[in-house]
Amino acid sequence: GTGVVTATPEQGDVEYLSPVTIGGQTINMDFDSGSSDLWVFNTELAAGSQAGHSNFNPETSTTFQLLQGASFEISYGDGSGAAGNVGTDTVNIGGATVTNQAVELATAVSSSFVQDTQSNGLVGLAFSKLNTIKPVQQKTFFDNAIATLPIPVFTADLRHAAVGAYEFGNIDSTKFNGSLSWTDVNATSGFWQFSSQQFAVGTGPTMNLAGGQAIADTGTTLMIADPSIVNAYYSQVQGAVNNETVGGVTFPCAAQLPDLAVDIGGNYMATVRGDDINFSPVDAAGTTCFGGLQAGTAGGLQIYGDIMFKSQFVAFNGGNNSIGMAPHQ
Ligand SMILES: NCc1ccc(-c2ccco2)nc1
């Protein structure tokens with residue numbers, strides 16, 4: 001069957017939370033197309049870490065089974081991480097159900113996760129080759145569900161400061177304008193990765209980024225692009241500066257931000273709305289704002305995170321390893 005759940009943004013669109021039912025217990029979690037572990041806050045965690053969270057209780061789930069001797073340990077690009085034990089249980093996401101899903105019970109989580117009491121774990125939706133469970137790697141929810149879905153797809157419909165949705169096994173064509181543009185994905189790295197070699201700032205000329213590669217990552221808040229793109233973009237924004245103290249580019253909150261179009265696999269130019277690149281104020285007065293577009297390393301993998309998803313409806317096809325995109329309806 002299919003499954004559909006809400007995707008509710010935290011304050012400031014920092015991340016999006018969706019209800020997941022594990023062994024009959026419903027817990028709000030962060031769906032992350034940039035990683036491949038499903039781990040959850042739980043009653044095995046130290047009380048101080050559990051405080052304020054929804055904690056899965058494996059003892060009250062009649063379907064939970066410990067996976068003897070299995071463990072996980074994951075660290076993310078933002079320096080956060082989690083580690084712990086592993087079991088299996090029935091996981092139901094909006095109706096799409098997997099009866100023997102690996103559920104990773106964190107016994108240690110980094111402080112940024114503890115402090116984010118809205119989020120109680122991650123559902124990894126990248127390729128299973130990135131799963132960190134040892135000694136035997138386990139599959140993602142999507143990998144386990146895919147054969148039972150009417151079509152081998154999940155979609156992300158993320159919105160600025162509004163409730164969106166994740167859907168499994170169906171593409172809701174009322175959620176986007178026109179037709180989806182499809183692009184082959186290179187799954188070698190385990191990410192939903194595609195070439196992204198051209199870009200345009202506002203109504204300006206199309207510019208080249210030879211060899212550019214990017215991933216579609218719902219678990220990253222911002223859009224991390226090559227410095228050449230970031231410099232070209234903010235050269236068009238009055239008062240934009242690289243603010244070392246704050247850790248990225250800031251500009252006056254009143255600035256008029258141009259749109260940014262980026263190439264998706266040579267087939268489609270995805271336009272990211274300028275308004276969404278005005279991410280958040282850094283000062284109480286709301287005078288200086290932090291950019292939703294920030295620089296990665298030159299020539300490195302670009303990370304198209306939630307800033308892009310707020311402009312584009314995205315379908316992830318695990319049947320033929322492709323990604324479909326179109327502007328939101
Ligand atoms: N890209 C994976 C990811 C997702 C969320 C988080 C996170 C840290 C604190 C709260 O959430 N870190 C990394």
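The values are calculated or read from the model by the stated rules, or taken from the named source; none is laboratory data. Note that the coordinates shown come from a computational prediction; the quantities given were computed from them, not determined experimentally. All Cβ positions, even for glycine, are placed from backbone atoms using ideal geometry, and neighbour counts span all protein chains on display. Accessible surface areas use protein heavy atoms only, side chains included; no ligands, DNA or RNA. Shrake-Rupley method; radii C 1.70, N 1.55, O 1.52, S 1.80 Å.
Descriptive notes on the structure:
- Of all residues in the range 205-222, those that are among the small types (Gly, Ala, Ser) and open to solvent by 30 Å² or more (accessible area, probe 1.4 Å) total 3.
- Residue 210 aliphatic (A, V, I, L, M) and touching a helix residue (DSSP H, G or I) at 6+ places or on another chain (Cβ under 9 Å): no
- Within the range 28-54, being away from the ligand (no atom under 16 Å from the Cβ) and either touching a strand residue (DSSP E or B) at 6+ places or on another chain (Cβ under 9 Å) or in a loop (DSSP other than H, G, I, E, B) (or both) holds for 42, 43, 44, 46.
- Selected residue (criterion: farthest from residue 90 (Cα to Cα)) from residues of the range 16-27 that are more than 16 Å from the ligand (Cβ to nearest atom) and open to solvent by 10 Å² or more (accessible area, probe 1.4 Å): 19
- Among residues of the range 223-245 being of a type in the set (Gly, Ala, Ser) and buried (at least 20 other Cβ atoms within 10 Å of the Cβ), the one that is farthest from residue 299 (Cα to Cα) is 240.
- Considering the range 178-196, the residues that are outside any loop (DSSP other than H, G, I, E, B) and among the hydroxyl-bearing types (Ser, Thr, Tyr) include one that is nearest to residue 263 (Cα to Cα), namely 195.
- Listed by position, the strands (runs of 3 or more DSSP E) contained in the range 197-295 that have at least 3 residues being of a type outside the set (A, V, I, L, M, F, W, C) are 248-252, 278-281.
- Residue 189 fulfils the conditions (1) within 16 Å of the ligand (Cβ to nearest atom); (2) open to solvent by less than 40 Å² (accessible area, probe 1.4 Å) except for a single criterion, (2).
Yes/no matrix, rows are residues, columns are (1) among the charged types (D, E, K, R); (2) out of contact with any Gly (no Cβ under 6 Å at 6 or more places or on another chain):
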site: 29; (1), (2): no, no
site: 59; (1), (2): yes, yes
site: 62; (1), (2): no, yes
site: 76; (1), (2): no, yes
site: 83; (1), (2): no, yes
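- Checking residue 71 against (1) surrounded by fewer than 19 Cβ atoms within 10 Å (Cβ to Cβ); (2) within 16 Å of the ligand (Cβ to nearest atom), the condition it does not meet: (2)
Condition check ((1) closer than 13 Å to residue 37 by Cα; (2) under 15 Å from the mean Cα position of the chain (by Cα); (3) of a type in the set (Ser, Thr, Tyr)) across all residues:
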residue: 103; (1), (2), (3): yes, no, no
residue: 112; (1), (2), (3): no, no, yes
residue: 115; (1), (2), (3): no, no, no
residue: 118; (1), (2), (3): no, no, no
residue: 122; (1), (2), (3): yes, yes, no
residue: 126; (1), (2), (3): yes, yes, no
residue: 134; (1), (2), (3): yes, no, no
residue: 137; (1), (2), (3): yes, no, no
residue: 142; (1), (2), (3): yes, yes, no
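- When 292, 248, 305, 265 are checked against the criterion of being under 20 Å from the mean Cα position of the chain (by Cα), more than 16 Å from the ligand (Cβ to nearest atom) and open to solvent by less than 30 Å² (accessible area, probe 1.4 Å), 265 stands alone in meeting it.
- Verdict on residue 91 being closer than 26 Å to residue 168 by Cα, modelled with pLDDT of 95 or more, part of a strand (DSSP E or B) and touching a Pro at 6+ places or on another chain (Cβ under 7 Å): no
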